[in-house]
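Below: one structure, written as structure tokens.
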Amino acid sequence: MPIENWISVGLIPLFPLLLAVFHGLSRGVFRWEPSKKWVSASLILTLLASFVLSFLSLLDLVGEPDGSTLIDRIATWIGVGVGSSALVGGFALRFDPLSAVFALLVSGVAFLIALYSVIHMDSPPKEERSFDRFFGLFIFQVFAMLVLVLADNLLILLLGFALLVMSTQFLVGFFYADPDQARGATWAGTVGLIGFGGLLFSFMMVFRGLSQMGRPGLTLSQLEASLPALAVATVDLPAWLGGAGVPLPELLAFGVALGACSLASLWPFLCWLPQSARGPVPVSILLQTVTTLAAAGYILVRFSPWFSLAAVTSEWLAWLGALGAFAAALIACTRFDITRIMAWSSVSQFGLVLLAVGVGGYIEAVFHVIAHAFAKGVLLMGVGVIVLAVAGERDLRRMGNIGSRLTLTRIDLWIGVFALAGGLPLTAGFFSMQGVLEATLRSEAVPGMAFLQILALATFALTSFYLLRMIFLGLYGNTRLAAEVKWEAIEDPPPRILWPMGLLAGLTIGGSLIGLPQIWSDLLFSGEVQDSNSLENFISGVVPGTQAVTRESTQQWAAVGQAVGVTWLGAIPAITLYLIRPDWNDRISRAWSRFRAFASQWSVPEFSRSRAIWMRWVESARDEGEVPPFRGYSPGFPEHFLKIVQSGFLQHYLGFVAAGCFAILLYFMLARPGGG
């Protein structure tokens, strides 16, 4: 039941918007640079205000009858027709249980990131300082994310997605004089445009389908009411494609999945997120916790009714997520750049979110997004402390034993490791990974469930391995610091940085209560608490329920044992190679180097065209400088292509927009009522 004109909802993104506009005018128009104290105070107070307003709106929502939704209609954007047949698309914001969860997550965690970032960005070397410009982009991306999660209609959601892609490109290319960062920003923008095209395709198809049914609409409530009609609708392919009818939900789900995968840098978009890891650490924290990755999870769950009707696309998503999670975790095991390990880890974790959505575990996917934001926030903040402590060094091979100087930071890092790896009960990450596995095991309709289970368990083991490998190489063992790094200067950061880390570390533990599985509630509270999964109870009215199949408690405990077992099984090699017997790791590294040198003497056979293409693709995703390049790879190929679509000239972008608008208009003019 929509409750309209709820003014507090519109204020949630308003304050970030006003601050972003102020920074844009002061920097871009008036060429005025405000003081750092003013920038820091305004940023922190703005995010605090958004969080408080989100919490107050949550209290209002909980006080209303079940199924209520708070709607704030600000103004009319597009209006056609009159009376009952009118089509209106306005600036309207929606606050339902799913939006409430993500609004609180975005504003709350972004507030803690801001507390951390204002100290971190004041500490780097001089060439990295541009305080007000950075935090202007920071608050602009938070605003874009809030617009996305609070959108009441498809037009506003598209607008939020576009603003999020634009702000991501700006943040990734913050050091625009660095060729690597500029290239990463270009990749981020290009991939984001592909995802935007996927979302636009889905929204055009759903609007076309609703129009043919005589019920055109743009709001999420209208889509929900028209879901039974959309479930049986089909779209006739052109004659040159066979003319067969394709279920409309399959097309809608495919476009949404394309948009989500582009934001999350998941295959085949493995290009921009690891590349962006060389920028400021606060950028990585924001992107990998509550903006791009969280936005990908949100749009998947927001349109989960479409996925529940699209069996083929859901099956494809499940396999793509499982394979992507395993492949990204495997890559993370081979990297030495500490920030890129975290980037590949985030790609892997979103693969698990995609797996959960593909098998119908939508609530488990939401919980994993929340748990990942808490755990990855702690880890990346700790990584930022390490990078500052060792004068900007990010290579684990040039660290070692610095944990003896960073005592409090080391404690927070260990909490983040246990939460993200899922090896320690009573952390949100432990229960969220268990939920993903449980959702996979009860998805009897998805073919190859046993292989999906194996891939998920293998990802758990690899996650434990690369996290412990990172900790042992960086914080323990012998010191391998460069000569210019002074050992005495390495120390824990001031309390202003430790407090946000400590709060996030507490959330990784306390956050487990919002999604506590019933079997654990029965164990911990002797069965006195029923329906312990508060998250499921809260958003079940908006998100379709999980699979109807209910597994016995003994089967669920067996899955818990499997998850814990493989997690600690992955930890054993890391403990052995990097803590107990590091000489074994040195021998393996020398043997691998000799093998790589021997293999590099062999050129790619000219007749193996597919192999040459594959090696070019793999090389484009590898970290620069860690391995010698493959022969036959032309590093200029992506740049030559991207210069056409990402030239940097505004008139070119306006031309693309005009061409796209003309194509959309031509499509609706030529489309026949019967489709095809």
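Name, by its number, the condition in (1) touching a Ser or Thr at 6+ places or on another chain (Cβ under 6 Å); (2) in a strand (DSSP E or B); (3) not polar (S, T, N, Q) that does not hold for VAL235.
If we test VAL235 against (1) touching a Ser or Thr at 6+ places or on another chain (Cβ under 6 Å); (2) in a strand (DSSP E or B); (3) not polar (S, T, N, Q), just (1) comes out false.
What are the pairs, 6+ residues apart or on separate chains, where a residue within the range 288-311 that is more than 25 Å from THR234 (Cβ to Cβ) has its Cβ under 6 Å from a residue that is surrounded by 24 or more Cβ atoms within 10 Å (Cβ to Cβ) and among the basic types (Lys, Arg)?
Short answer, once both residue conditions are applied: GLN288/LYS376; THR289/LYS376.
Considering each residue of the range 138-150, count those that are surrounded by fewer than 24 Cβ atoms within 10 Å (Cβ to Cβ) and not β-branched (Val, Ile, Thr), and give that number. Step through it out loud before you land on a result.
Let us first name the residues in the range 138-150 that are surrounded by fewer than 24 Cβ atoms within 10 Å (Cβ to Cβ), namely 140, 147.
From what's left, not β-branched (Val, Ile, Thr): 140.
Residues that pass the stated criteria total 1.
With respect to VAL109, is the statement that it is assigned to a helix (DSSP H, G or I), in contact (Cβ under 8 Å) with a residue 60 or more places away in the chain, closer than 21 Å to SER304 by Cα and within 18 Å of the chain's Cα centre (by Cα) true?
Working: assigned to a helix (DSSP H, G or I): yes; in contact (Cβ under 8 Å) with a residue 60 or more places away in the chain: yes; closer than 21 Å to SER304 by Cα: no; within 18 Å of the chain's Cα centre (by Cα): yes.
No, not satisfied.
Name, by its number, the condition in (1) over 24 Å from GLN288 (Cβ atoms); (2) at pLDDT 90 or above that does not hold for LEU199.
So the condition that LEU199 fails would be (1).
List the pairs whose first member sits in the range 403-417 and is within 14 Å of LEU498 (Cβ to Cβ), whose second member is crowded, with 17+ Cβ neighbours inside 10 Å and among the small types (Gly, Ala, Ser), and whose Cβ atoms are under 6 Å apart, counting only residues at least 6 apart or on separate chains?
Listed by first residue and then by second, the contacts come to THR409/GLY382; ARG410/GLY403; ASP412/GLY382; ASP412/ALA505; LEU413/GLY382; ILE415/ALA505; GLY416/ALA375.
The rows are residues; the columns are (1) farther than 16 Å from PHE143 by Cβ; (2) in a helix (DSSP H, G or I).
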| site | (1), (2) |
| --- | --- |
| LEU14 | no, yes |
| ALA20 | no, yes |
| HIS23 | no, yes |
| SER26 | yes, yes |
| GLU33 | yes, no |
| LEU45 | no, yes |
| SER50 | no, yes |
| SER54 | no, yes |
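Considering the range 398-442 alone, what residues qualify as being among the hydroxyl-bearing types (Ser, Thr, Tyr) and surrounded by 24 or more Cβ atoms within 10 Å (Cβ to Cβ)? Even if it seems obvious, please write down each step before you answer.
Taking the range 398-442 as the starting set, the residues that turn out to be among the hydroxyl-bearing types (Ser, Thr, Tyr) are 404, 407, 409, 427, 432, 440.
If the condition is that a residue be among the hydroxyl-bearing types (Ser, Thr, Tyr) and surrounded by 24 or more Cβ atoms within 10 Å (Cβ to Cβ), then THR409, THR427, SER432, THR440 are the ones that fit.
The values are calculated or read from the model by the stated rules, or taken from the named source; none is laboratory data. These numbers were taken from a predicted model, which means no experiment stands behind them. FYI the Cβ positions are ideal-geometry reconstructions off the backbone, even for glycines, and counts take in every protein chain you see.
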